[in-house]
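Below: one structure, written as structure tokens.
The numbers here are math on the coordinates, done by the rules we state, and not lab data. On a predicted model such as this, the values are computed, not experimentally measured, just so you know. Please note: Cβ atoms are built from the backbone with ideal geometry, for glycine as well, and neighbour counts cover all protein chains shown.
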Amino acid sequence: MTIPFDPTLAAFRFGVGLGPSAPGPASVQAMIASLSGPDLAAERYPIAGMEETDPSMAEFRFAAAARRAARGTPEVEELRKKEGEFRQAMNVTRRNDHLRTIARAVTTDDGLRERLTLFWADHFAVRAKTFAFRSMIAPYVTDAIRPHVVGRFSDMVVAATLHPAMLHYLDQWVSVGPNSTVGQKRGFGLNENLARELLELHLFGADGPFTQRDVTELAELLTGVTYDFRQGFAYRTDRAEPGAEVVMGRRYSAEADLQTVKSALVDLATRPEVADHIASKLVVHFVSDLPDPTLVASLAGVFRETGGDLLAVTQAMVSHPAAWIVHRSKVRRPDLFVMASLRALGVDGDDILNMRPADYRDWMVRPLQVMGQPYQAPSGPDGWPEDAESWITPQGLAGRINWAMGAPRVMVDPLPDPRDFVQTALGPEAPAEVTFAASSAETRSEGIGLVLTSPAFQRI
Amino acid sequence: MDRRAFLTRSLALGCSLAASPLVTPVALAQGPWDARLVVIVLRGGLDGLDVIRPIGDPDLARLRPRLMETAGLGLNDAWALHPGLSGLRPLWDAGQFGALHATSSPYRGPRSHFDAQDVLEAGTFPAGESRSGWLNRMLGIVPGMTAETAYSVGYEQMKILSGTNPYLQWSPRSELDLSPQSRRLLDLILHDDPIFRDAALRAVDIADTLFTEATSDAEDAGADGEMGMMMAPAPTRGHAGVAAFAAQRLRAETRIASFSLHGWDTHSRQDIQLNGALENLAETILTLRDGLGPVWDRTAVLCMTEFGRTAHENGTLGTDHGTGGAMLFAGGALRGGQVLGRWPGLAEADLFDRRDLMPTSDVRAAAGRVMQDLFGLSRGDIEDTIFPGLDMTDAPRLAV
């Protein structure tokens, strides 16, 4: 069976969409060639990892601590001002990182890499629970997710699980072995949050072959892993639960050290049962909420054979005929909808970076919230919903319509002719009613807005 | 209507906007009952011991020496109200605001917000047992429900209402200001995709109702002269805006509304944090009452939280995640002016895990009983479908 390759479908389903100078990939081989090459988008619009992010979390925490310590003294006003400057600088960093993420997607020739990054960042979803971590979520993706989307799954598991953003979000930093030195001295105990989500969400799925006992054992195994805002990741032997742990029938070394934790994570991440969960999630995300079992089985097989080589798994997906079913049942998530719209409009990457803060607030931050996807704030560690019904609600659709009618004129001057824009955005087979609507609208803005609102644009 | 017929009609009628469903408001069925239920999810873990203070319990001062420094409003010999809720004191006196104490959801896990909220909103145990929320399952029991019957207000995903039965979500900050021509063309491009078409129909309808009400309110204000000038406009922002919008829908076809309030996770400086959050809650409830007008008498407002907080105050003038707590309730359909529930005491041996207020009731039973009394739902439906496995034998009666 040959693959019925279609550049438009490729750009919609496996990319960020079409644009004036982006007619869609030429072939599956071309998609995989880009993905196998250097990460050009990240080189063009770099986003620092956590250790390089400026201001650092330590600078901010020290400033906040200094202000608290000076309470009631004449210096407190000066220190409060200083802390405020750090807060502002962190907000600027967060905004710039967001805009760079958008600029990458809008200008890239390697759209699949952007989509994979969105997918895997959602698979290992984190959320900032304190102000200090708000500017560390994009750096988390830089550190733990993006380098591994075409690498090994087990490497991503280790990097994401041990990242301070994850350690904080899922409470690992407060988990202490009850029989460790610290646990005995201060009466601290286990927190199973990370262990549970690791098994349930990141590795095996809710129906996976593990029990509450495995969760507790894994939580004990993870003790010692914590973070310190001065030095970032840390391993503390005095917090580690003594003794060996047995997780899902395998006994891990009694040595309380980081290497034990890492090798246990790699061992868990390469178990054969992981393959089914990951394969199914990939197909649900990219192809259909009702995944074709043969497609899932094929991906799972490649995952097992290659020990979780994600380039090979991705290649298996885009090479499989079942991934190219013509019916588009998925809809673009709000973040992807915004990126794809700006891409279709041919917005210049530098114009995105130079967006005025007020425009960023009015046309990015708030609309994403109305559309149901507040930036970097999924409601739980299970990430964003996949089904179209969760997004295309009255409020969610109203948010998309308002954005489609209003944002383009802020971002592009002059706006393209809607009659041309239909072809640019939807490809050569644009539906007749959308073509008609684009040419019948009273203004350019409305014409553009109607094209972006059409299911033909939103469905992938 | 199939696509061909739709297009033909559009062309035949030209720009006749009346023909377009996106221009003509949809007629909505009446809800199946007259009573209203508002469930406010207090996310973060409300400290029931600080809000409804058991001043008659000899151990309270020992457990919370610093938090008790700010005086509460004495309700009777046993209870005092946190000063942040002083705005609700008149409702208490009128028998329209009260509390169920020493209650909790069945969640007894490691005190995680995520899991505890999951149990509270799913209404099932353990966490992750059900993907639907209990209010949504309730919608499935009664025939004649429409999407308009239940509203999730605000941007947040409310698990309590999510599920297969239709409900609507809207935030008062959403707007939809489209030219008639755009509406007609939107109708054309969305028509063949049912999810898009139905969502757009609803969105346009909600936006139009809001617009119509705003216009007629303004006209009323003009006609009433000074009276109208003195009336404060309904709030549109923040928690009060959410409450005003919910009240507006509840005065029409809607029977159930749910939304969240935040700010309850008071690990430190609880004296300041909780006060602000409670003032917001009081304003929310008063906005609901004002907006509901005569319907307030048929309304039950339940304020539920995922867990209570530790009985001991901690070293940073706060409290940590606990177990038992309080459910606050308000509305003319409920018997306020009282603190319900069996008090377990605060002596160390009486605490759950020797640290938290011991729950003596399942908060789901109280909610179930309210639905039984207000909506006439059968106990069997509540125990089997809405809250599977719940035993309502000792459920307190809140309804008037």
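Worth a mention:
- Counting neighbouring Cβ atoms within 10 Å and putting the fewest first, the residues A:Met156, A:Met248 line up as A:Met248, A:Met156.
- Residues whose placed amide H lies under 5 Å from that of B:Gln169, excluding near-sequence neighbours: A:Gln395, B:Ser152
- Inter-part distance, the stretch A:403-454 to the stretch A:159-178, computed on C-alpha centroids, equals 46 Å.
- For peptide B:198-208, the mean count of partner chain Cβ atoms within 10 Å of a residue's Cβ comes to 5.
- Other protein chain C-beta atoms within 10 Å of residue C-beta, averaged over B:106-112: 3.
- Residue by residue, the stretch A:232-240 carries 3J(HN,Hα) couplings of x, 4, 8, 10, 10, 4, 6, 9, 7 Hz when phi is fed to the Karplus relation 6.51 cos²θ - 1.76 cosθ + 1.60 (θ = phi - 60°); x denotes Gly or Pro.
- The alpha carbon centroids of the stretch A:338-379 and the stretch A:98-156 are separated by 16 Å.
- Rounded if a/c under 1.5, otherwise prolate or oblate - the stretch A:170-269, Cα gyration tensor axes: prolate
- A Förster radius of 30 Å, combined with the Cβ-Cβ distance separating A:Glu273 from A:Lys129, puts the computed FRET efficiency at roughly 0.50.
- Theoretical FRET efficiency, 1/(1+(r/R0)^6), r = Cβ-Cβ of A:Leu353 and B:Asp208, R0 41 Å, to 0.05: 0.55
- Shape category assigned to the stretch A:82-186 from the gyration tensor of Cα positions, a/c cut at 1.5: oblate
- For the stretch A:163-269, applying the loop criterion from DSSP together with a ceiling of 11 other beta carbons within 10 Å to the trypsin sites (Lys or Arg not before Pro) yields A:Arg230.
- Applying 0.36 nm per residue to the separation of A:Ala206 and A:Leu311 and subtracting their alpha-carbon distance, the gain on full extension is 35.3 nm.
- A simple spin-label model places pseudo-atoms 7 Å from Cα toward Cβ; at A:Glu429 and B:Arg251 they are separated by 5.2 nm.
- ³J(HN,Hα) computed for each position of the stretch B:250-257 - Karplus, 6.51 cos²θ - 1.76 cosθ + 1.60, integer Hz, glycine/proline x: 5, 6, 9, 7, 6, 10, 10, 9
- Cleavage-rule hits (trypsin sites (Lys or Arg not before Pro)) in the stretch A:25-95: DSSP loop, at most 10 neighbouring Cβ within 10 angstrom: A:Arg71
- Looking at the protein assembly as shown, the DSSP beta bridges with both ends there are about 55 percent antiparallel.
- Close amide-amide hydrogen proximity is noted between B:Met358 and B:Phe352, each under 5 Å apart and 5 or more residues distant or on a separate chain (H modeled in the peptide plane; Pro and chain starts excluded).
- Residues B:Phe114, A:Phe14 arranged by fewest to most Cβ contacts within 10 Å: B:Phe114, A:Phe14
- Contour excess over end-to-end distance, with Cα ends at A:Glu77 and A:Glu59 and 0.36 nm allotted per residue: 4.7 nm
- For peptide B:177-185, the mean count of partner chain Cβ atoms within 10 Å of a residue's Cβ comes to 6.
- Per DSSP, loop GluC sites (Glu not before Pro) in the stretch A:388-460 with at most 13 further Cβ within 10 Å: A:Glu429, A:Glu442
- Whole-angstrom Cα spans of the stretch A:334-458 along principal axes, big to small: 43, 33, 23
- Whole-Hz ³J(HN,Hα) from phi, Karplus 6.51 cos²θ - 1.76 cosθ + 1.60, for the stretch B:45-50, glycine and proline x: x, 6, 7, x, 5, 8
- On the beta carbon distance between B:Glu175 and A:Ile325, with R0 = 35 Å, the FRET formula returns roughly 0.40.
- For the stretch B:254-309: rounded, prolate or oblate by the Cα gyration tensor [a/c cutoff 1.5]: prolate
- Built amide H within the under 5 Å cut-off of B:Ala80, gap 5+: B:Arg53, B:Ile55, B:Leu75
- Paramagnetic reach from B:Asn76 (point 7 Å along Cα→Cβ, amide N under 19 Å) across the stretch B:322-346: B:326-331, B:334-346
- Largest first, the three principal axis extents of the alpha carbons in the protein assembly as shown are 79, 78, 63 Å in whole numbers.
- Over every Cα atom in chain A, the radius of gyration and the widest Cα-Cα span, Dmax, amount to 23.5, 78 Å.
- Ranked A:Ile460, A:Ile102, criterion: other C-beta atoms within 10 Å, fewest first: A:Ile460, A:Ile102
- Dipole magnitude of the stretch A:12-149, debye to nearest 20 (Cβ charges: Lys/Arg +1, Asp/Glu -1, about Cα centre): 560
- Inter-centroid distance (Cα atoms) of the stretch B:125-186 relative to the stretch B:47-95, Å: 36
- Proximal lysines to A:Lys330, defined as alpha-carbon separation beneath 16 angstrom and excluding residues fewer than eight positions away on the same chain: A:Lys281
- A straight chain from A:Asp417 to A:Ala297 at 0.36 nm per residue would run longer than the Cα-Cα distance by 38.7 nm.
- Once both labels are positioned 7 Å from their Cα atoms along Cα-to-Cβ, the gap between B:Glu348 and A:Glu51 label points is 4.7 nm.
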